[in-house]
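All of the numbers you see were taken from the coordinates with simple rules; none came from a lab. Just so it is clear, the model here is predicted, and its values are computed rather than measured. We place every Cβ from the backbone using ideal geometry, glycine too, and count neighbours over all the protein chains shown.
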Amino acid sequence: MSVSLTFSLLRPHPINDDTHRSIPVEFAFEIGSGLLTEVRRLQSLLGERDKAIQDMKEEKDDLEKSVESLRTALRQQEQSTGTSSSLNLWLWLILFQTNSRRKIGISK
């Protein structure tokens, strides 16, 4: 749109002149349509963003549950390993004592 046409659109027009009056109405309609289109586009983007955020929150919750499950499994494994190690040490000591007694000829 040229500058002179834009200024002529902004200039007050006589009410009886329908030809000049239709140009600002059409221009206003175009602006309104453009704004409406832009609002719809932005609403769509906001909806996509909100869905992405919700998906990330759900994924985060799932990951936190997985982490807690892995921590629990690790604790159980550490306890199991610790118990096994204690049992192995105890059996090794008994075996060592038995072998030591055999070497020196002591029987129980």
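Per-structure values
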{"item": "Thr83/Lys103 FRET efficiency (R0 22 Å; Cβ-Cβ; nearest 0.05)", "result": "0.10"}
{"item": "R0 of 41 Å, Cβ-Cβ distance Leu70-Leu45: FRET efficiency to nearest 0.05", "result": "0.65"}
{"item": "Pairwise label distance in nanometres, Asp61 with Trp90, each label 7 Å out on the Cα-Cβ vector", "result": "4.5"}
